[in-house]
Amino acid sequence: MRDWAARHRWETVLGGILLATIVVNATLSPFFLGFGNFINLFWLSIEKIIVVVAMTFVIINGEIDLSVASVMGFSAAVMASAFAGGDIPFAVAIVLGLLAGAAAGLAQGFLIARVGLPSLVVTLAGLIGFRGAARVLLEDRSVGDFPEWFDRLGQQPLIGSIPLALIIFFSLLAVAWIILERGTFGRKVYVIGNSADVARYSGVGVSSVKLRIFVASGLAAGLAGVLFAARLGSVRGSLGEFFELDIITMVLLGGVSIFGGSGSMLGVALAMFTVLSIRNGLGLANVDGIIQTGVVGLLLIGSVLVPNLLEGIQSRRPAPEP
Amino acid sequence: MSRWLKVMAALFAFALLSAACSSSDDTTTTTAAQTTTSSGTAVVSIEGAGSITATFLPKCTNIAVFPQANSGAEEAAAELGSETAAFVGPADCGDATGQIEFMTNAVTQGVGAIMVSNNAGDELAPSAQAAADAGIPVVSWDSPIPSAEGESVFIAQVDFDETGLVMAEMALDILGAGGGQFAILSATPEAANQNAWIAAMEEALTADDKFASLELVDTVYGNDVAEDSVTQALALVDQYPDLGLIMAPTTVGIVAAAQAMTQEGLCDQIKVSGLGLPDEMREYTESGCAPQFALWSFVDLGYLAYYVAYGIATGQIEAADGVTFEAGRMGQYTITADPTRDAGLRVLMGPFTVYNADNVG
């Protein structure tokens with residue numbers, strides 16, 4: 001156990017923060033520790049944390065995807081306008097929305113992996129471009145009146161009190177954990193994130209791994225956009241706006257290095273739960289939205305500072321005798 | 001003759017029915033004092049009946065009118081001996097779906113009542129319905145839930161059709177009999193109240209020939225964010241060289257537009273009007289940049305919303321067509337079917353005050 005904690009220092013720290021958050025929340029509000037509230041806690045941010053799972057791969061791989069929130073809006077807009085156009089069945093519109101997300105990821109991934117442009121620039125352009133496309137598709141309207149089954153899937157629990165989106169999220173999280181930490185693809189993601197050159201010389205197909213990760217990121221954003229549309233019952237051009245900030249925050253708080261190469265799914269999962277618990281707990285204690293954001297911001301600064309400080313202290317200590 | 005008979009019969013039936021309803025109320029609530037008007041309808045005077053918890057959820061917390069409305073709700077809570085409602089909401093009005101989280105949290109907290117100014121369209125309906133399912137009355141004020149799903153009753157500040165007419169009258173007054181071009185600068189594209197007012201104004205323009213000289217060239221959205229509203233106002237100026245008036249049915253938009261026109265020195269060509277707060281508009285009304293604007297009291301609106309929510313939560317009144325009640329210092333109101341929506345009930349507060357250089361100070 002101590003061994004594990006030493007190898008997973010940040011996860012251990014996060015676990016402590018999470019535990020403290022839960023204790024504080026439970027004292028602040030008697031409603032925090034309810035099963036229904038835990039469902040709500042995830043459900044209210046489910047679209048963000050689905051994208052967080054894919055973003056973890058992107059950042060460990062040494063890249064960034066700023067376009068995810070705009071791709072969410074774009075996919076939902078494609079779905080809504082295809083449906084509003086009239087003749088096609090709604091299920092086809094959903095598939096079109098998902099494909100739009102994957103295509104957005106593919107286009108950006110091509111520019112990054114094959115052409116070699118920096119992901120910061122490409123996905124910044126994507127952030128602007130796909131949001132623009134969503135607004136062009138829907139103008140200032142909000143498109144709704146989706147089939148009842150779609151709204152019900154988004155707004156009602158599916159099994160017991162658990163909604164579909166939560167089932168999708170936890171399945172994705174499990175699959176992502178296996179791929180990232182138990183498979184060869186995951187090992188390649190880390191190796192490339194550490195040094196793309198070393199990876200290339202070792203015969204790792206760098207560009208094909210990067211391309212696949214960006215397609216996955218676009219597809220996850222598309223899925224999140226469609227699920228958000230179902231939860232809201234309508235789509236507007238601004239759907240998901242500014243979500244990228246919260247999404248990237250959760251990945252970094254999870255201990256994933258912004259320079260790539262390190263981080264774990266467990267850390268990110270703990271970070272998600274911590275951020276959502278803080279928001280939910282402060283919300284139940286009737287604390288203002290501005291302060292909630294401030295607390296999460298402080299936590300993020302801390303998450304960057306603390307590991308660096310710990311490292312500094314350790315390097316100053318004399319090395320143990322051999 | 002037979003029509004009169006029918007009307008009399010209907011009135012008689014209505015009187016009987018309401019008497020029956022009120023007598024059944026008597027058995028459940030002992031604190032509600034009841035008086036009877038000359039027409040025979042029971043009037044429930046809403047009075048203190050213990051403390052309730054409540055959430056007062058504005059579109060956002062950073063626009064002046066919402067803390068004003070909350071102060072009215074606080075005043076009402078104090079009068080009724082109830083604890084102050086939690087005043088929580090999104091920090092920014094551009095965050096249209098942020099209210100869902102606050103609504104859901106209120107349900108988790110099991111509050112006695114929720115009072116909300118809806119910033120989205122029907123996107124808030126599922127969470128409002130969840131509140132209703134949990135037995136929590138949802139009283140909307142300022143901006144209703146369009147489908148009325150999950151909503152007990154809407155406290156309308158003024159009649160939405162009248163808002164359209166008042167805006168049309170102000171536009172005609174400012175542009176003069178010769179008329180001219182004007183544009184609308186609204187809040188978010190989904191704000192149910194703003195959309196209803198704009199629709200009512202468009203209707204008023206076509207309904208009366210005296211407005212024929214007024215030409216509505218565009219409707220743009222500043223999202224109730226000051227910077228966005230300034231940008232949109234300036235874009236209108238660029239796009240329509242003959243523009244004579246910007247009509248902003250939002251307190252954020254009207255100030256932003258007046259500020260932009262003043263800074264650009266365009267006040268001689270382009271006037272500003274709409275719905276504004278006297279405190280924020282005084283300078284522009286006195287300078288002639290915004291010669292006229294209109295508004296109601298947000299303090300009164302919050303006060304009335306709290307009374308109604310409290311009355312429903314404590315079982316003193318029922319959210320049903322024809323229920324008449326007395327709300328503290330504001331006097332008597334009746335719940336009716338909302339004529340501006342397909343479904344839903346409303347209480348009409350009113351009235352409008354049109355401000356100009358003479359009464360703005």
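Read-outs throughout are calculated quantities, based only on the coordinates presented, and are distinct from any laboratory measurement. These figures come from a predicted structure and were not determined experimentally. Here the Cβ positions follow ideal geometry from the backbone for every residue, glycine too, while neighbour counts run over all protein chains shown.
For chain B, what is the mean residue ellipticity at 222 nm derived from helices alone (per DSSP H run of n ≥ 4: -39500 (n - 2.57); sum divided by total residues; nearest 500 deg cm²/dmol)? Working shown, then result.
Working: 10 runs with 148 residues, N = 361.
After summing the helix terms and dividing by the residues of chain B, the value is -13500 deg cm²/dmol.
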With a ≥ b ≥ c the root eigenvalues of the C-alpha gyration tensor of the range A:169-322, is it rounded (a/c under 1.5), prolate (a/b larger than b/c) or oblate? oblate
Calculated FRET value between residue A:136 and residue A:182, using beta carbons and R₀ = 51 Å, to 0.05: 0.75
Which whole-number percent gives the relative contact order of the range B:160-295, counting Cα pairs below 8 Å spaced six or more residues apart? 26 percent
Given a Förster distance of 45 Å, the FRET efficiency implied by the Cβ-Cβ spacing of residue B:359 and residue A:295, rounded to the nearest 0.05, works out to 0.50
Top of B:241, B:126, B:90 by mean-square fluctuation, Gaussian network on chain B, Cα under 10 Å: B:241
Could you check the spin-label model distance between residue B:91 and residue A:39? Points 7 Å from the Cα along Cα→Cβ, value in nm. 3.1 nm
How would you rank A:234, A:277, going from fewest to most other Cβ atoms within 10 Å of each one's own Cβ? A:277, A:234
The local net charge around residue B:354, scoring Lys/Arg +1 and Asp/Glu -1 for residues other than residue B:354 whose Cβ lies under 12 Å from its Cβ, equals -4
Of B:50, B:344, B:98, the one that fluctuates the most in a GNM where chain B has Cα springs shorter than 10 Å: B:50
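Before rounding to the nearest 500, sum -39500 (n - 2.57) across all DSSP H runs of length at least 4 in chain A and divide by the residue total; then give [θ] at 222 nm in deg cm²/dmol.
-24500 deg cm²/dmol
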Most exposed first by the Cβ proxy, i.e. fewest other Cβ within 10 Å, how do A:268, B:354 rank? B:354, A:268
Rounded Å value of the spacing that divides the Cα centres of the range A:216-268 and the range B:41-68: 37 Å
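Can you give the local net charge around residue A:70? Use residues other than it whose beta-carbon is closer than 12 angstrom to its beta-carbon, Lys and Arg +1, Asp and Glu -1.
Charge balance in the 12 Å sphere: -1.
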Considering only the protein assembly as shown, percent of DSSP beta bridges that pair antiparallel, nearest 5: 35 percent
Measuring from label point to label point, each 7 Å out along Cα→Cβ, what is the residue A:92 to residue A:148 span in nm? 2.4 nm
Overall form of the range B:160-295 per C-alpha gyration tensor (a/c, 1.5; a/b vs b/c): rounded
Residue-span extension gain [residue A:6 to residue A:121] - 0.36 nm each, minus C-alpha spacing: 37.7 nm
Summed residue charge, Cβ within 11 Å of residue B:252's Cβ, Lys/Arg positive, Asp/Glu negative: -3
At a Förster distance of 45 Å, what's the computed FRET efficiency of residue A:167 paired with residue B:264, Cβ-Cβ distance as r, to 0.05? 0.25
Name the shape class, rounded, prolate or oblate, that the alpha-carbon gyration tensor gives for the range A:10-313, where a ≥ b ≥ c are the square roots of its eigenvalues, rounded holds for a/c under 1.5, and otherwise prolate holds if a/b is larger than b/c and oblate otherwise. oblate
